[in-house]
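The values are calculated or read from the model by the stated rules, or taken from the named source; none is laboratory data. Keep in mind it's a predicted model, so treat the numbers as computed, not measured. Positions of Cβ are generated from backbone atoms using ideal geometry, with glycine treated the same way; all protein chains shown enter the neighbour counts. Ligands, DNA and RNA are excluded from the accessible area calculation, which covers all protein heavy atoms including side chains. Shrake-Rupley method; radii C 1.70, N 1.55, O 1.52, S 1.80 Å.
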Amino acid sequence: MRIIAGMYRGRKLYTLEGLKTRPTLDQTKEAIFSSIGGYLNGQVVLDVFGGSGALSLESLSRGASKAYIIDNNIEAIEIIKKNRDALKVGSELVIYHGSYEQVLKRLTNIKFDVIFLDPPFRMKVIDELIEFIIEHNMLKEDGYIMAEYPKEDVVNKNYEGFKVRLCRRYSSSEVLILEKED
């Protein structure tokens with residue numbers, strides 16, 4: 001896995017061995033970032049299931065000013081730190097080790113430009129997370145929620161105040177990008 005564009009373009013990322021995480025494919029990553037404008041000039045992102053940190057690090061490479069990552073797996077946290085150190089990323093990357101439920105409650109005072117929801121495939125929490133984000137008003141106007149989930153999962157795509165920016169299948173997953181409307 002590698003960074004696709006921006007300041008860290010071409011740099012390889014460490015990933016967890018085995019099937020503990022499911023890295024987002026480069027083609028899928030490119031589609032996601034193209035759909036939200038390609039570059040994130042000064043934006044703040046949240047990656048709720050960090051894995052290797054690839055989505056947050058790609059965001060920083062493309063100009064995001066701050067990225068917050070949550071992961072409950074200590075091995076994933078170590079990989080994220082290894083990638084952070086390899087890229088020499090500093091305080092613009094904030095890493096939280098803990099359950100998404102606990103950490104999200106602590107972050108409700110922050111407004112994000114982009115929120116990535118890419119849980120392990122066995123977890124069926126996309127709708128629950130989107131509802132939490134909306135209820136706690138965690139997304140800035142014109143912000144995006146990006147969700148990746150198994151293509152056979154049924155996920156609500158109709159949320160008041162949001163429009164579907166992208167809904168497309170890639171390999172075994174489906175990507176949904178919701179844009180918050182004014």
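Note on the chain: with charges restricted to the Cβ of Lys and Arg (+1) and Asp and Glu (-1), its dipole about the Cα centre is near 680 debye.
Using the Kirkwood radius over C-alpha pairs as Rh, can you work out the diffusion coefficient of the stretch 41-94 via Stokes-Einstein at 25 °C, viscosity 0.890 mPa s, in µm² per second? All intermediate terms of the calculation are to be shown ahead of the outcome.
Numbers: Rh = 10.7 Å.
Rounded, D is 229 µm²/s.
I want to verify a result. In a Gaussian network model of the chain, Cα cutoff 10 Å, which of these has the top mean-square fluctuation: Ile74, Ile145, Ile126? Between Ile74, Ile145, Ile126, it is Ile74 that shows the largest mean-square fluctuation.
Scanning the chain for trypsin sites (Lys or Arg not before Pro) in DSSP loops with at most 16 other Cβ atoms within 10 Å, what's the longest stretch left with none?
21-87
Looking at the stretch 1-101, which GluC sites (Glu not before Pro) are in a loop (DSSP not H, G, I, E or B) and have at most 11 other Cβ atoms within 10 Å? List each step's numbers first, then the result.
On the way: sites: Glu17, Glu30, Glu58, Glu75, Glu78, Glu92, Glu101; in loops: Glu17, Glu92.
Answer in residue order: Glu17.
What are the chymotrypsin sites (Phe, Trp or Tyr not before Pro) within the stretch 65-150 that DSSP puts in a loop, where the Cβ has at most 15 other Cβ atoms within 10 Å? Kindly include the intermediate steps, with their values, before the conclusion.
On the way: sites: Tyr68, Tyr96, Tyr100, Phe112, Phe116, Phe121, Phe132, Tyr144; in loops: Phe121.
Sparse-neighbourhood loop chymotrypsin sites (Phe, Trp or Tyr not before Pro): Phe121.
Lys and Arg at +1, Asp and Glu at -1: add these up for the other residues within a Cβ distance under 15 Å of Gly63 and post the number. Taking every Cβ under 15 Å from that of Gly63, the sum is 0. Here the chain has 47 percent of its accessible surface on carbon and sulfur atoms, given a 1.4 Å probe and all protein chains in place.
Test of the criteria: in the stretch 104-175, which GluC sites (Glu not before Pro) are in a DSSP loop and have at most 16 other Cβ atoms within 10 angstrom of their Cβ? Numbers along the way, then the final one.
Details: sites: Glu128, Glu131, Glu135, Glu141, Glu148, Glu152, Glu160, Glu174; in loops: Glu152, Glu160.
When the GluC sites (Glu not before Pro) of the stretch 104-175 are filtered for loop state and at most 16 Cβ neighbours within 10 Å, Glu152, Glu160 remain.
Normalised per residue, the accessible area of the chain is 48 Å², obtained with a 1.4 Å probe and no contribution from ligands, DNA or RNA. GNM remark for the chain: springs join alpha carbons under 10 Å apart, and the peak mean-square fluctuation among Met138, Met146, Met123 falls on Met123.
Would you rank Tyr14, Tyr170 by solvent-accessible area, highest first, keeping every protein chain in place and using a 1.4 Å probe? Kindly include the intermediate steps, with their values, before the conclusion.
On the way: Tyr14 100, Tyr170 15 Å².
Accessible-area ranking of Tyr14, Tyr170, largest first: Tyr14, Tyr170.
Between Asn156, Asn83, Asn72, the Gaussian network model of the chain with springs among Cα atoms under 10 angstrom shows the greatest mean-square fluctuation at Asn156. Mind grabbing the base-10 log of I(q)/I(0) for the stretch 125-182 at q = 0.14, 0.18, 0.28 Å⁻¹? Debye formula, identical points on the C-alpha positions, no solvent, two decimal places. For the stretch 125-182, the Cα-only Debye profile gives -0.35, -0.57, -1.23. Convex hull volume of the C-alpha atoms in the chain, normalised per residue: 104 Å³. Taking all protein chains as shown and a probe of 1.4 angstrom, His97 keeps an accessible surface of around 100 Å². Per residue, the chain reaches -8000 deg cm²/dmol at 222 nm when only DSSP H runs of four or more residues are counted, each adding -39500 (n - 2.57). Full extension of the chain segment joining Cys167 with Asp153 gains 3.7 nm, where the gain is 0.36 nm per residue of separation less the Cα-Cα distance.
Under the simplified labelling scheme, the Glu160-Asp85 pair shows an inter-label distance of 4.9 nm, with each label point 7 Å from Cα along Cα→Cβ. If Rh is defined by the Kirkwood formula over all Cα pairs and Rg also comes from Cα, what ratio Rg/Rh do you get for the stretch 98-154? So for the stretch 98-154, dividing Rg by the Kirkwood Rh gives 0.96.
For the stretch 62-182, DSSP calls about 60 percent of its internal beta bridges antiparallel.
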